[in-house]
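Peer 1: Questions regarding the structure given below will be posed in turn.
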Amino acid sequence: MIYTLPPLPYASDALEPRMSKETIEYHYGKHLQTYIDNLNNLIPGTIYENMELDEIVMTAEGPIFNNAAQVMNHMFFFNTLSPKRKNIPQELKEHLVRDFGSIETFKEQFKQAAVSLFGSGWVWLAQDSGGKLHIIPESNAGNPMRDGYKPLMVIDVWEHAYYIDYRNRRAAFVDICWDLTDWEVVLIRMLQPPVDRITQTVLIGQTTREGLTDAITDAIMEDEKDMRSYVCVTCGWIYDPAEGDPENGVPAGTPFNELPDDWTCPACGVGKEYFEPAAR
């Protein structure tokens, strides 16, 4: 199994000014990609080669665990953020008040855990098997799944997560993450059955060594020529098959799925994997 970096559900500049486009491009586009590349290089020929990501995180140790967990943690973090501020839904609010006393107390305790975590790591809101909510700091690549908890939200407190925008002001970064959190997503995760996998098809793209992602395969089967327009999720540039990209040797009438493997976005230089079908 090969792991790939899927597009985010928002544009790279959508979180500005609280989280810059530069941070997204480096943290998500480059830093996370390195973990994915490392994982793909480490698992061939091992028992983890065909495991799902959550299975690797639950069972591996050493470099394979570190890279798999960092892939999972980062995808979980970025998919918890939203450009639109979301209020905490009433059902989630009731659980937070029940377990922490008040929303303000929860916020204070979460921020304190994030600011005081020594070195690098993650601070999670997680749910135990009895339904109780907990704030769990984890060092380095730690994930509370390993201790039987269900992750609901997380803030990345590795320095690379905030240094471009906030330098050494971790507390300021934690505050903006609070404002960017999609609490509706957190509620959905809380309501999912414990046995439900919360990390796979929604959070990370996967391919086999022989094929493309299922989503792309389905699209090609639906329309062999795939004459849809595709938009770059990094910069918003649109590839229109009817026009092609003549300046880069792609003639008009070239379907997106027939573009050369080394073709890149003329506007920002990212590869084809950063494109998705444009809204009709």
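The values are calculated or read from the model by the stated rules, or taken from the named source; none is laboratory data. From a predicted model like this one, the values you see are computed outputs, not experimental measurements. For neighbour counting, all protein chains shown are included, and Cβ atoms are generated from backbone atoms with ideal geometry for every residue, glycine included. We work out accessible area using only protein heavy atoms, side chains counted, and drop any ligands, DNA or RNA first. Shrake-Rupley method; radii C 1.70, N 1.55, O 1.52, S 1.80 Å.
Peer 1: Residue separation times 0.36 nm, minus the C-alpha to C-alpha distance between residue 26 and residue 192: what's the value? Mind showing how you got there, number by number?
Peer 2: Values: separation 166, 0.36 × 166 = 59.76 nm, distance 3.17 nm.
Computed gain between residue 26 and residue 192 is 56.6 nm.
Peer 1: While we're here: How do 169, 228 rank by accessible surface area computed with a 1.4 Å probe, from largest to smallest? Walk me through the intermediate numbers first.
Peer 2: Working: 169 130, 228 50 Å².
Ranked from most to least accessible, the order is 169, 228.
Peer 1: Continuing with the same structure: If you average the C-alpha positions of segment 130-161 and of segment 252-279 separately, how far apart do those two centres end up, in angstrom?
Peer 2: Distance between centres, Cα-based: 36 Å.
Peer 1: So, one more: Restricted to Cα positions, what overall size does the chain have along the principal axes? Three whole-Å values, descending.
Peer 2: Rounded to whole Å, the extents work out to 63, 44, 34 Å.
Peer 1: Another question, then. Amide H of residue 153: which non-local residues (sequence gap of 5 or more, or other chain) have their own amide H closer than 5 Å, using H built in the peptide plane?
Peer 2: Amide H neighbours of residue 153: 125.
Peer 1: What whole-number value in Å² describes the accessible area per residue of segment 13-93 for a 1.4 Å probe?
Peer 2: Numbers: 3640 Å² over 81 residues.
That works out to 45 Å² per residue.
Peer 1: Label residue 90 and residue 61 with points 7 Å out from Cα along Cα→Cβ: what is the distance between them in nm?
Peer 2: 5.0
Peer 1: Then there is this: Rank 272, 111 by accessible area, highest first, at a 1.4 Å probe radius?
Peer 2: On the way: 272 45, 111 65 Å².
Output order, biggest surface exposure first: 111, 272.
Peer 1: If you rank 227, 190 by how much accessible surface each has, with a 1.4 Å probe, what is the order from largest down?
Peer 2: Values: 227 90, 190 10 Å².
Result, largest first: 227, 190.
Peer 1: Here is a follow-up. Starting from the Cα gyration tensor of segment 1-108, take the square roots of the eigenvalues, sort them a ≥ b ≥ c, and report rounded, prolate or oblate (rounded when a/c is under 1.5, otherwise prolate if a/b is larger than b/c, else oblate). Each step should come with its number before you reach the end.
Peer 2: On the way: a/c = 2.88, a/b = 1.50, b/c = 1.92.
Oblate shape, in that a/c is at least 1.5 and b/c is the bigger or equal ratio.
Peer 1: May I pose another question? May I ask you to derive the FRET efficiency for residue 278 and residue 175 from their Cβ-Cβ distance with R0 = 30 Å, giving the value to the nearest 0.05?
Peer 2: Values: r = 35 Å, r/R0 = 1.16.
Once the sixth-power term is evaluated, E becomes 0.30.
Peer 1: Related question: Tell me, what HN-Hα J-couplings in whole Hz come from the Karplus equation 6.51 cos²θ - 1.76 cosθ + 1.60 at θ = phi - 60° for each residue of segment 242-248, using x for Gly and Pro?
Peer 2: Result, rounded to whole Hz: 5, 9, x, 9, x, 5, 10.
Peer 1: Could you go through segment 131-141 in sequence order and give the Karplus-derived ³J(HN,Hα) for each residue, using 6.51 cos²θ - 1.76 cosθ + 1.60 with θ = phi - 60°, rounded to whole Hz, and x for Gly and Pro?
Peer 2: Residue by residue, segment 131-141 yields x, 6, 8, 9, 9, 10, x, 10, 7, 6, 9 Hz.
Peer 1: Stretch residue 46-residue 34 to full length: gain in nm at 0.36 nm per residue minus the Cα-Cα span? If you can, show how the numbers build up before the last one.
Peer 2: Numbers: separation 12, 0.36 × 12 = 4.32 nm, distance 1.98 nm.
Extra length available between residue 46 and residue 34 comes to 2.3 nm.
Peer 1: For the chain, with all protein chains present and a 1.4 Å probe, just round the carbon and sulfur fraction of the accessible area to a whole percent.
Peer 2: Numbers: 6970 of 13790 Å².
In the chain, the share of accessible area belonging to carbon and sulfur is 51 percent.
Peer 1: Hey, another quick one. Calculate the FRET efficiency for residue 262 and residue 116 from the Cβ-Cβ distance with a Förster distance of 45 Å, rounded to the nearest 0.05.
Peer 2: Numbers: r = 47 Å, r/R0 = 1.04.
Rounded to the nearest 0.05, the efficiency is 0.45.
Peer 1: Only Cα pairs within less than 10 Å get springs; with that Gaussian network setup on the chain, which residue of 117, 32, 81 has the largest fluctuation?
Peer 2: 117
Peer 1: Would you kindly find the accessible area of residue 95, with a 1.4 Å probe and non-protein molecules such as ligands, DNA and RNA excluded, rounding to the nearest 10 Å²?
Peer 2: Answer for residue 95: close to 40 Å² accessible.
Peer 1: Report, in deg cm²/dmol and to the nearest 500, the calculated mean residue ellipticity at 222 nm for the chain, where each DSSP H run with n ≥ 4 adds -39500 (n - 2.57) and the sum is divided by the residue count. All intermediate terms of the calculation are to be shown ahead of the outcome.
Peer 2: Working: 9 runs with 93 residues, N = 280.
Computed ellipticity for the chain at 222 nm equals -10000 deg cm²/dmol.
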